[in-house]
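The values are calculated or read from the model by the stated rules, or taken from the named source; none is laboratory data. Please read all numbers here as calculations on a predicted model, not as lab measurements. Glycine also receives a Cβ, built like all others from the backbone with ideal geometry; neighbour counts cover every protein chain displayed.
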Amino acid sequence: MKVFYAASNGLPLPQGHRFPVQKYTSLVETVIQSGLFDTHHLQPVEPATFEQISLVHDQDYIQRVFDGQLSEKELRRIGFPWSPELVDRSRRSVSATIHACQAALQDGLAVNLGGGTHHAYPDHGEGYCVFNDVATAARATLAAGMANRIIILDCDVHQGNGTAAIFINDPAVYTFSIHGERNFPFHKEHSDLDIALPDMADDRTYLDALEPGLMQALEQSRADLGIYIAGADPFVGDRLGRMALSKQGLLTRDNLVLDRCQTFGLPLAIVMGGGYAPNVQDIVDIHFNTIQAALRKEKNETVS
């Protein structure tokens, strides 16, 4: 199983900014130190090209991101100040998901140690998302003739509104989202299948809703590639999550997605999605559990 990551400098954010940028560096360090992957299977990526990103995003928007010409209003909507590092990381995040999709089709499973920027629309970013890596990777994979139909399994706590809007009239991409009913974004788009859960949904509530939804989505999509957004933000105590899943509940979620995709013979690219727990180590633990679950699934080991 190949693992890809954005090898770039951290984002320079104002002191007190609530986005835990250090989670990316900490996760990469944890994966490297685990010794689970050699240098062939753990790979940094190059930035995505203008042409790749333009498979989804308007060229004027891309150029203004590249050149630092976004308005203050646009930057507030994204939630980050502009910097060259922001552009570089956003481009590499897209590239890592493209690579993960290609590797998943070859090997069955692959991971991007970032990604899941599902709030970005063709002409603007929002919710800490500049470019929509999942949508761009789906389009790139389809354009290359490597897949005919793709399913996006979005288990971030926030609805993937940008992704849903991008593919609303595209039968080649099926969008599934399980998310907080009253959480951001407050105007929801229409995915092919949406499951909206109440505040403080616990492990049982979440898993009881996820399993039949997964089966319905996989049956309806008839996909030959899946992209799984394994958000850490349904975790209890997450500052932006408003749910109450335990780490064990989130691992059970991961195993459920992996098992059902295996049942359908579906290659799966996994991206990390959101995570805003006060203790960054909790976010890293959840994401690392996802990676370990995928590795065990690849080795056909029993997971719990």
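Can you tell me which of Leu256, Leu251 is in contact with a Ser or Thr (Cβ under 9 Å, 6 or more places away or on another chain) and either in contact (Cβ under 8 Å) with a residue 40 or more places away in the chain or not aliphatic (A, V, I, L, M) (or both)?
Being in contact with a Ser or Thr (Cβ under 9 Å, 6 or more places away or on another chain) and either in contact (Cβ under 8 Å) with a residue 40 or more places away in the chain or not aliphatic (A, V, I, L, M) (or both) holds for just one of Leu256, Leu251, which is Leu251.
Name the residues in the range 265-287 that are under 22 Å from Ser90 (Cα atoms), touching a strand residue (DSSP E or B) at 6+ places or on another chain (Cβ under 7 Å) and surrounded by fewer than 21 Cβ atoms within 10 Å (Cβ to Cβ), would you?
If the condition is that a residue be under 22 Å from Ser90 (Cα atoms), touching a strand residue (DSSP E or B) at 6+ places or on another chain (Cβ under 7 Å) and surrounded by fewer than 21 Cβ atoms within 10 Å (Cβ to Cβ), then no residue fits.
Based on this model, can you work out whether Ala110 counts as of a type in the set (A, V, I, L, M, F, W, C), in contact with a Phe, Trp or Tyr (Cβ under 9 Å, 6 or more places away or on another chain), closer than 24 Å to Phe37 by Cα and surrounded by 24 or more Cβ atoms within 10 Å (Cβ to Cβ)?
So Ala110 fits the description; yes.
Examine the range 54-65 for a residue that is aromatic (Phe, Trp, Tyr), in contact (Cβ under 8 Å) with a residue 12 or more places away in the chain, in contact with a helix residue (DSSP H, G or I) (Cβ under 8 Å, 6 or more places away or on another chain) and assigned to a helix (DSSP H, G or I), and state whether such a residue exists.
no
Residue by residue through the range 253-264, note down the ones that are surrounded by 18 or more Cβ atoms within 10 Å (Cβ to Cβ) and under 18 Å from the mean Cα position of the chain (by Cα).
Arg253, Asp254, Asn255, Val257, Leu258, Cys261, listed by residue number.
Has the range 78-100 got any residue that is farther than 17 Å from Asn112 by Cβ, over 20 Å from the mean Cα position of the chain (by Cα) and β-branched (Val, Ile, Thr)?
no
Name the single residue that is nearest to Ile78 (Cα to Cα) among those in the range 5-53 being in contact (Cβ under 8 Å) with a residue 40 or more places away in the chain and aromatic (Phe, Trp, Tyr).
Per the criteria, the residue is Phe19.
Given the structure, is Arg18 loosely packed, with under 15 Cβ neighbours inside 10 Å and part of a helix (DSSP H, G or I)?
no
Give the residues of the range 275-304 that are within 22 Å of Arg204 (Cβ to Cβ), in a loop (DSSP other than H, G, I, E, B) and modelled with pLDDT of 95 or more, sorted by residue number.
Gly275, Ala277
Scan the range 221-242 for residues that are under 21 Å from Leu27 (Cβ atoms) and surrounded by 20 or more Cβ atoms within 10 Å (Cβ to Cβ) and report the count.
11
From the list Asp154, Asp199, which residue is acidic (Asp, Glu) and either more than 23 Å from Phe235 (Cα to Cα) or without any contact (Cβ under 8 Å) to a residue 60 or more places away in the chain (or both)?
None of the other options fit; the residue is Asp199.
Which numbered condition in (1) touching a residue at least 24 places away in the same chain (Cβ under 8 Å); (2) charged (D, E, K, R); (3) under 18 Å from Val284 (Cα atoms) is the only one that Lys2 fails?
(3)
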